[in-house]
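Read the figures in this text as sums done on the coordinates, not as results from a lab. Remember, it's a predicted structure, so these values are computed and weren't measured experimentally. Neighbour counts run over all protein chains shown; Cβ positions are idealised from the backbone, glycine included.
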Amino acid sequence: MILYKGKIYGTEKTVDLLEKLKNDVDETLLNKSIDTERLIAAVDEISNRISKGAYDKLINEIDVDGLDEYVAAAAQMLHSDNLRLNIKAQTPHLTELPDINSYIAPVGALFHIAAGNVDVLPAYSVLSGLVCGNVNILKLPSQDNGITVKILSELIKIMPELSDFIYVFDTPSSDLPSMLKMAEAADKIIVWGGDGAVAAVRRFAPPQIPVVSWGHKISFACIGSDYEKRADELYGLAEHIIKTSQLLCSSCQRIYINSGKPEDADGFCRFFLPILQKARDKYPLKDLGAAAEATLLDLTAETEGSIGGKPKNTARKYAGKGCSLTAKDEKTLEISGFFGSCDVTSCSLNELFNVLREKKGYLQTATVIADEKTRAEFENIAVRAGVCRITNPADMSRAFLGEAHDGQFELSNYVRIINKEV
Amino acid sequence: MKFRRALFRKKPYDKDDEAFVSAVREMTEYHIKHNKKYAKLLSDADFSPDTLKCAEDLKKLPFIPTLVFKRNELFTIDKRKIPVKVTSSGTGGSAGVIGFELSGLFCAFKMVLKIFSFRNLFSPRLTNYVVFGYKPDKNNKTAVSKTAFGTTLFAPALHRTYALTRKDGKYEVDLDAVCRAIEKYAKQKHPVRFMGFPSYTYFTMKLLEEKKTDAKLPKGSKIILAGGWKQYYKEQVDKKEFYDTAKRVLGMDDENVIEFYGAVEHPVSYCDCKNHNLHVPAYSRVIIRDVTTLEPLPYGQIGLVELITPMIKATPITAVMPDDLGVLYPGETCGCGINTPYLKIIGRVGLKDVKTCAAGASQLLGDVKL
């Protein structure tokens, strides 16, 4: 499905529409602008409609646990006051200079390539481009279920002039000539996805067109020796692990115990398992099939390691019902088994910096449950290692208004600063 | 292998835990002695066959995901000396090879005779077959094609029609041709047997209904289902809808619709009873395990299915875990008179729809496509 200047076309029109894309984009860039206040009002209208349940049918097609909470958060984020605050927080703050006046302009045209790893992400990416005044070309992910075009069409219905700023194509990434046509009409490429997706875009992107990549990230927790006194914070962490199924880049994949003794990881597992179980009992596992396959793939890898001659796996599993903890001596920060299965490792703060540096470029959110002194020491190490987000245990995956994305203000990537000599 | 021999002499649903555990212990010892990779696997798990003393101990026996066999050769007997090698269907994208020695095949043969006799599947009457599966040829070594063909030997075949035939090197489904054959068979006096995938069987019945074809089959006809819905799982219908359609279109009562469950990596035949439940035969045991922790679950809870049988020496498939989700119920609750537990297959595991932005997930899930 193609959305071009507010009209829906079948994919058989791809070649014809791509042929005129650059001209249409350039014409919009020369002659038209987005009235940001009108856009904010339009988005606010959508936020109201979400809250009133107008899109419930559409939203219910999104198959994720805890959907209601995400929807409520999204509606809140789209509220006009919050949107204004977000734009203000995320765009560059200009300083008065003696010889030069500065002002902000859109980048021009953004080419969004969103891997289908998060529902509504493609629409979100386009909206981010729109609030900065850009023309937006979107290549739909192969797994898109139609929700993106529905959301953007709704927006165009409320604010018809946006039709000149939104071009959505349903082209496979293997169709390189089409991908190049879209890239050539753009001033910047925005890619969301894992290493494979980012690398593929960098390979075909024309050299003069910058690529902004929002890659996959990994997150973790650090626990001090006095954890037995901190049951509330531990429960917050447990709920976070269970509620996100550890599928988000901000989901806790590994719990590091600030200790040099491997057996302290086992001690923590024994203490934390009932707490994790309490969270699991509150939020029962919904996607049994996915959890089962994750477990099977993990077991397959372990079995193949064993029959392939790898040394005996020394991991110790502490199993609950629908959740588990695994004490591991290997310290490398890697994904856990997802769906409430978290790895735990003893790693003193002295070693932590080197352990985290192995994952530089991937580090995102960290939380710490410890006394003030340990927290400060941890924060210093984590930030120096590359972590860009530190939250309370329960809030690892909470979206904060105006916050940066992976250490950068996302919208600052979608604007240019114009300097004009006085 | 005296304990294995003793076990496979038993009647299909005679549950004898002592005999079963002894045979599993014997088979596990054999694999450990002759298969270094398997021995290492059990050693890494700190497992010794001596542990196996009662049925409860079967839960401790390390099990192997069937995916391991699809990606690795793990024979206990020298590959060149294995007389029969069977390829799994490879619906998940990869196919594995399981080796069978003659003594194991003999056990399988005895089991099939007993279970099929129990369900009255042998008949001397000339029969027309419609196989909803692959037409066998020298290039197709899959178990599903061999099993389907084997089933057409239970009653002498007058004619066989296949739903999947090879054209230009690729298998193609031709349900229209199958409908024409059924229409022809329906006019004859010989019984007809359908055999194979439930998906194609159901689609054909719906096609016959759409075409308003008179396809009421002669008395003594049967529908034998095996192989699951595979890639058509989204179109899967419940059993009642299936039986109602069979009655409406083919004039067949549900007692003549017989379902089988099994796998190449677990060559035990699970045949449904008169109440259409898959009771666990004497030659195997089923354990349902938690989908995240792999801990054994009690009756009535859904989990990953672990299958145990001491049938085969050539490949260490004593305890395997296919990618099925199932639930086990106590035999007495069925009411058919068989007292062994019965297994209900709920579906297949699947991460395909999982969406994640966690770095490193591609190792597990494969990279998300653009």
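At a glance:
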item: Nonlocal amide H pairs with B:THR161, under 5 Å, H built at 1.01 Å; result: B:TYR129, B:VAL130, B:VAL131
item: Longest to shortest principal axis, alpha-carbon extents of the protein assembly as shown, angstrom; result: 102, 68, 49
item: Phi to ³J(HN,Hα) by Karplus 6.51 cos²θ - 1.76 cosθ + 1.60 over the range B:117-128, Hz, x for Gly, Pro; result: 5, 4, 9, 6, 8, 8, 8, x, 7, 4, 9, 8
item: Which listed pairs, of A:LYS88/A:LYS360; A:LYS188/A:LYS420; A:LYS13/B:LYS206; A:LYS139/A:LYS321, have C-alpha distances above 31 Å, in listed order; result: A:LYS13/B:LYS206; A:LYS139/A:LYS321
item: HN-Hα J in Hz across the range A:84-95 - Karplus 6.51, -1.76, 1.60, θ = phi - 60°, x for Gly and Pro; result: 4, 5, 4, 5, 5, 5, 9, 9, x, 9, 8, 9
item: Extent along principal axes [Cα atoms of the range B:235-287; Å; largest to smallest]; result: 36, 24, 17
item: For the range A:160-247, size of Cβ-based charge dipole, Lys and Arg +1, Asp and Glu -1, in debye; result: 300 debye
item: Whole-angstrom Cα spans of the range B:1-86 along principal axes, big to small; result: 35, 32, 23
item: For A:THR326, residues with placed amide H under 5 Å, excluding near neighbours; result: A:TYR318, A:CYS342, A:ASP343, A:VAL344
item: For the range B:47-126, radius of gyration divided by Kirkwood radius, i.e. Rg to Rh on alpha-carbons; result: 1.07
item: Dipole in debye (nearest 20) - chain A, about Cα centre, beta carbon charges: Lys, Arg +1; Asp, Glu -1; result: 380 debye
item: Between helix B:198-210 and chain B: long-axis angle, C-alpha atoms, 0 to 90°, nearest 10; result: 20 degrees
item: Where N is the number of residues in chain B, Cα Rg divided by 2.2 N^0.38 Å; result: 1.01
item: Expected-Rg normalisation [2.2 N^0.38 Å, Cα atoms] applied to chain A; result: 1.07
item: Alpha carbon centroid spacing (whole Å) that separates the range B:199-266 from the range B:279-324; result: 27 Å
item: All-pairs alpha carbon distance profile, the range A:218-395, 10 Å steps from 0, percent; result: 10, 40, 37, 12, 1
item: A:SER80 versus B:GLU255: modelled label distance in nm, points set 7 Å from Cα along the beta carbon direction; result: 7.3 nm
item: At R0 = 30 Å, FRET efficiency that the Cβ-Cβ distance of A:GLU358 and A:ARG416 yields, to 0.05; result: 0.25
item: Tilt relative to chain A, helix A:263-282 - C-alpha long axis, 0 to 90 degrees, to 10; result: 60 degrees
item: Inter-part distance where the range A:3-35 and the range A:121-196 are each reduced to a Cα centre, Å; result: 11 Å
item: Helix-only CD estimate at 222 nm, as mean residue ellipticity for chain B, using -39500 (n - 2.57) per DSSP H run (n ≥ 4); result: -8500 deg cm²/dmol
item: Amide proton proximity set for B:ALA263, modelled H, under 5 Å, gap of 5+; result: B:VAL268
item: Value of relative contact order over the range B:151-204, rounded to a whole percent, pairs C-alpha under 8 Å and six or more apart; result: 30 percent
item: Taking N as its residue count, the alpha carbon Rg of the range B:183-244 over 2.2 N^0.38 Å; result: 1.16
item: Table column - 3J(HN,Hα) (Hz), the range B:330-336, Karplus curve with 6.51, -1.76, 1.60, x for Gly and Pro; result: x, x, 4, 6, 6, x, 8
item: Cα-projected label distance for A:LYS52 with B:ASP244, points at 7 Å along beta-carbon direction, nm; result: 4.0 nm
